[in-house]
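The block underneath contains the structure these notes are about, expressed in structure tokens.
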Amino acid sequence: MKTQCEIEAAICAAISRFEQETKGRGPKDIKAYLLGDFVVVRLQGLLTPAEQQLAKVPSEKGRDLLKQVRTHLIETANPSLQSLVQEIIGVKVISLHHDISSVTGEAFFFFTLAVSPLFRQVRK
């Protein structure tokens, strides 16, 4: 049985690898938090140079387009992402929610789980 830290590290590695494979680059920083029956993943430094330029367009069009494309990519990959997390945790993933900031390049994934996963406690 894995520890909470091992589960969180495995989720970070899997999602970082997913970002690299699907978008050509991974995040500069990634952290996962297992909190009861959900997992929060925070990715920083995610935008490509082209996306950064698009986000700088003076009107809202560039930022809206960036968010639409990123949202569509995540929705398309939703089953794969849920399977990745489910395989690591050993608990059914009920849903995935996602948002990205076109200003900071920071993104969040929220995975809702069927139950809180079991993990081995670390002795101090």
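The values are calculated or read from the model by the stated rules, or taken from the named source; none is laboratory data. The model shown is predicted, which means the values in this text are computed figures rather than measured ones. Ideal geometry is used to build each Cβ from the backbone, glycine not excepted, and the neighbour counts take in all protein chains shown. Heavy atoms of the whole protein, side chains included, go into the accessibility calculation; ligands, DNA and RNA do not. Shrake-Rupley method; radii C 1.70, N 1.55, O 1.52, S 1.80 Å.
Within segment 29-74, the set of residues being within 17 Å of the chain's Cα centre (by Cα), aliphatic (A, V, I, L, M), over 15 Å from F18 (Cβ atoms) and not in a strand (DSSP E or B) comprises L47, L66, V69. Of the residues making up segment 27-71, those that are among the basic types (K, R), open to solvent by 80 Å² or more (accessible area, probe 1.4 Å) and free of Cβ contacts under 8 Å to residues at least 60 places away in the same chain number 4.
When E106, E87 are checked against the criterion of being of a type in the set (D, E) and touching a Gly at 6+ places or on another chain (Cβ under 9 Å), a single residue qualifies: E106. From the set of residues in segment 39-61 that are closer than 15 Å to G26 by Cα and of a type in the set (G, A, S), which is modelled with the lowest pLDDT? For segment 39-61, the residue satisfying everything is A50. Among the numbered conditions (1) touching a Phe, Trp or Tyr at 6+ places or on another chain (Cβ under 8 Å); (2) touching a residue at least 24 places away in the same chain (Cβ under 8 Å); (3) under 22 Å from D29 (Cα atoms), the only one that L113 does not meet is (3). Here I7 meets each of (1) part of a strand (DSSP E or B); (2) closer than 28 Å to V122 by Cα with one exception, condition (1). Does F111 meet the test of being assigned to a strand (DSSP E or B) and surrounded by 14 or more Cβ atoms within 10 Å (Cβ to Cβ)? So F111 passes the test.
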